[in-house]
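The values are calculated or read from the model by the stated rules, or taken from the named source; none is laboratory data. Treat the numbers as computed from the prediction; the structure is a model and nothing was measured. Cβ: placed from backbone, ideal geometry, glycine included. Neighbour counts: every protein chain shown.
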Amino acid sequence: MGTWPNSPCLEKNCSFCCRKTEMPLSPSDVLRLATTTGQHPNQFSKEESGIRILLNNPVTEACVFLDTVSDDSKAPGLCSIYENRPIGCRTYPLILNADDEAFLDTLCPHREDFPDAPPALLMMLKRLDSELQSQS
Ligand code: SF4
Ligand code: SF4
C-alpha cells in the first residue's frame with residue numbers, strides 16, 4: 001500500500017489529525033483492522049449514514065488507536081497500528097474538493113512541508129472516495 005515519502009509528521013511530532021477524528025473507513029479497512037487487532041469493528045468504529053468512522057477515546061478525545069496521554073491537540077502521539085492504518089490516514093492531508101480535485105487540507109499545520117503527492121497516493125484517495133460514495 002502506498003504512503004507519503006518523507007512526510008513531516010514524525011519529525012514534527014505531530015498527531016493533530018488523529019484527534020477528534022472522523023476518519024471514514026472502507027470495508028477493507030474495517031476488515032483489516034478487525035483482523036489485525038482482534039477487535040470487533042464496534043470497538044474502534046461506529047456507523048454514520050452507512051459509513052463506518054473511527055472512534056475517539058473519551059479521555060484523550062483522540063483516535064482509539066493513538067498512543068497518547070493528553071487531550072491537547074498539540075501533544076505528541078503515535079499510531080499504534082501504523083502499518084495497518086486506514087487508507088484515509090495514509091493519504092491525509094491529501095483530500096478531494098467537490099470537483100474531485102486533490103489538495104492539501106488547510107487544517108494540517110505542516111502541509112507546506114509535504115512533497116508533491118505521488119500518483120499512487122492520488123489513486124488510493126480516489127478509490128477510497130468512490131468506495132465510500134457507493135456505501136452512503
Ligand atoms: S498529516 Fe498533518 S496534521 Fe496529520 S500528523 Fe501529519 S503533519 Fe500532523
Ligand atoms: S488510525 Fe492511526 S493514523 Fe489513523 S487517526 Fe488513528 S491513530 Fe491516527
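One table, with the values for the structure above:
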quantity: Per-region count, region 91-107, residues within 16 Å of ligand 2 (Cβ to nearest atom), over 15 Å from Asn6 (Cβ atoms) and not hydroxyl-bearing (Ser, Thr, Tyr); calculated: 3
quantity: Residue list for region 43-65, restricted to those being crowded, with 18+ Cβ neighbours inside 10 Å and over 24 Å from Asp129 (Cβ atoms); calculated: Thr60, Ala62
quantity: Check on Glu61, acidic (Asp, Glu), within 16 Å of ligand 1 (Cβ to nearest atom) and either modelled with pLDDT under 95 or at positive phi (or both); calculated: yes
quantity: Single unsatisfied condition, His40 versus (1) surrounded by 12 or more Cβ atoms within 10 Å (Cβ to Cβ); (2) modelled with pLDDT of 95 or more; (3) touching a helix residue (DSSP H, G or I) at 6+ places or on another chain (Cβ under 8 Å); calculated: (1)
quantity: Long-range neighbours under 6 Å by Cβ, at least six apart or interchain, first residue closer than 18 Å to Tyr92 by Cα within region 21-45, second hydroxyl-bearing (Ser, Thr, Tyr) and surrounded by 17 or more Cβ atoms within 10 Å (Cβ to Cβ); calculated: Leu25/Ser45
quantity: Total residues in region 15-37, condition surrounded by 19 or more Cβ atoms within 10 Å (Cβ to Cβ) and out of contact with any Gly (no Cβ under 9 Å at 6 or more places or on another chain); calculated: 3
quantity: Residue tally, condition in contact with a Leu (Cβ under 8 Å, 6 or more places away or on another chain) and of a type outside the set (A, V, I, L, M), over region 69-98; calculated: 9
quantity: Single residue of region 66-97 satisfying the filter (without any contact (Cβ under 8 Å) to a residue 12 or more places away in the chain and within 14 Å of ligand 1 (Cβ to nearest atom)) that is surrounded by the most Cβ atoms within 10 Å (Cβ to Cβ); calculated: Asp72
quantity: Hey, Asp100 away from ligand 1 (no atom under 15 Å from the Cβ), surrounded by 15 or more Cβ atoms within 10 Å (Cβ to Cβ), acidic (Asp, Glu) and touching a residue at least 12 places away in the same chain (Cβ under 8 Å) or not; calculated: no
